[in-house]
Amino acid sequence: KTKYSKLIFRKSDTVPEELHQMVQESFLTLREHNCFFQDLVRIKGKDFLTPVSRILIGNPGCTYKYLNTRLFTVPWPTEGYDTKYCSPQIHDACKALMRLNDYLHIEAVKALQGLNLFETKEIKDTTVIDREQNIATSFKEQGSVSKDQSSVCVPEDDRSLKNRTSYNLTLLNYMDPLQMLYLKQEPYFGMGSMAVSWHHDENLVERSAVAVYSYSCGDSAVEESSEQELTGRDPAVWHVGLKVAWDIETPGLAIPLHQGDIYLMLDDLNMTHQHCVLAGLSPRFSSTHRVADCSRGTLEYILGRCELALQNLQTDSDSMALSLKSLEAAVVKQVEEIHNEVEFEWLRQFWFQGKRYLKCTDWWLKPMAKLEEFWRKMEIMTSLVLSEVRKEQQMEEQRNETISCFLLLLKERQKLRREWTAR
């Protein structure tokens, strides 16, 4: 109650049967179409294939980055976007996951409202200030707080709740543990084989909720062990493990996950705690819904950055020759930073593993072609800077400043190109 109060568990019988059917069919459809892929991730300068296979589905143009690997969403059917899927079945699968996303958003809002009411009640019970007692009571009765009470510790407004539960994507996971030659053992509490080691989820909006739908499939005979004398967790059943971050004194928690169970990690739980996934014997799917921090991770963002960089390129109306508007160090630096960003955070990330998305949709091909076109123009801009700084007529101080910042970014580009070539 004290250490794990922000973990909310919902048994499968609380979820509408129609939704279960749609979602579970969508998992199997995506597996049949070979849409799950192991990711090549980078940890401490070394590449590893993930034991879990994944696919990212979500808002068109969104991406999600973890362990130095950027995943690109297969768009779910969104109004205003014409997404062509490779088959009607894949369209239906994406639509079902969007339905699940809407359902989990509502559940997360309700859970956070319940958590806030609980915390408000605790404040009310411990405070000695009448005014705060009255406000807490008023919130409980009316569900709202007037503006002049905003300085008091009371639940947040609806907009904040919505922002922290409006899932923009889901990372789907699939793993058949019997196909794995080796699974790491949980090191602190003896919880058994881990499909996913202890971690915090990365690249999320601060204090946003994470919602997970779990589906173990396959032979129901291995779903649960018949031995009554087991101590600890049943190794046949998948579990989610939770522990307080950087603390192995506080007992860890292992919760069994059966077909269609849901759990929510609310508020700051993802930061204060770590979680892992403990393998059972059956193949398992999960749909992990997140509010990804897309401030630097949407197609709209990177296209905007490219357009900003290209503002420094001009074309002579007569000769059609290209030239730079400014050679100021700050302008050159900004352009070359964007040049590196589009090459290493987008183009190389996409083409490194991106062709696999064609099994679902060709949605990203046109945007990537556009980004490549912008990148080529930035390559020309780099050549133009080199040409200009070789000319003697420039003022030496400005020239040295430009060369200094320019060389740093060129060295960084060269280093990253070598790394990507090696990969």
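The values are calculated or read from the model by the stated rules, or taken from the named source; none is laboratory data. What you are looking at is a predicted structure, and each value in this text was computed from that prediction instead of being measured. Neighbour counts run over all protein chains shown; Cβ positions are idealised from the backbone, glycine included. SASA here: full protein model, heavy atoms, side chains in, ligands and nucleic acids out. Shrake-Rupley method; radii C 1.70, N 1.55, O 1.52, S 1.80 Å.
Restricted to strands (runs of 3 or more DSSP E) entirely inside segment 195-303, those with at least 2 residues that are under 20 Å from residue 108 (Cα atoms) and modelled with pLDDT of 95 or more are 210-216, 239-244, 262-265, 273-278, 284-290.
The rows are residues; the columns are (1) more than 20 Å from the chain's Cα centre (by Cα); (2) crowded, with 20+ Cβ neighbours inside 10 Å.
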{"position": "38", "(1), (2)": "no, no"}
{"position": "41", "(1), (2)": "no, no"}
{"position": "47", "(1), (2)": "no, no"}
{"position": "71", "(1), (2)": "no, yes"}
{"position": "80", "(1), (2)": "yes, no"}
{"position": "87", "(1), (2)": "yes, no"}
{"position": "91", "(1), (2)": "yes, no"}
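Scanning segment 164-180 for residues that are touching a Gly at 6+ places or on another chain (Cβ under 6 Å), over 30 Å from residue 292 (Cα atoms) and modelled with pLDDT under 95 turns up nothing. For segment 408-415, the criterion of being acidic (Asp, Glu), open to solvent by less than 70 Å² (accessible area, probe 1.4 Å) and closer than 27 Å to residue 304 by Cα is met by no residue. Of the set (1) open to solvent by 70 Å² or more (accessible area, probe 1.4 Å); (2) free of Cβ contacts under 8 Å to residues at least 24 places away in the same chain; (3) on the phi < 0 side of the Ramachandran plot, all apply to residue 383 but (1).
Taken over segment 56-69, residues that are aliphatic (A, V, I, L, M) and open to solvent by less than 10 Å² (accessible area, probe 1.4 Å) amount to 2.
Checked against the criterion of being assigned by the TED database to the domain that holds residue 216, modelled with pLDDT of 95 or more and of a type in the set (A, V, I, L, M, F, W, C), segment 76-83 contains one or more residues that satisfy it.
Going through 376, 413, 418, 399 one at a time, which residue ends up being out of contact with any Phe, Trp or Tyr (no Cβ under 7 Å at 6 or more places or on another chain), more than 28 Å from residue 41 (Cα to Cα) and not β-branched (Val, Ile, Thr)? On inspection, the qualifying residue turns out to be 399.
Contact map, segment 174-193: first residue of a type outside the set (Val, Ile, Thr), second residue open to solvent by 60 Å² or more (accessible area, probe 1.4 Å) and part of a loop (DSSP other than H, G, I, E, B), Cβ cut-off under 7 Å, separation 6 or more or different chains; pairs are 177/281; 178/281; 188/248; 190/232; 192/235. The number of residues in segment 42-62 being more than 16 Å from residue 173 (Cα to Cα) and modelled with pLDDT of 90 or more comes to 4.
For residue 345, state whether it is free of Cβ contacts under 8 Å to residues at least 60 places away in the same chain and within 30 Å of residue 50 (Cα to Cα).
no
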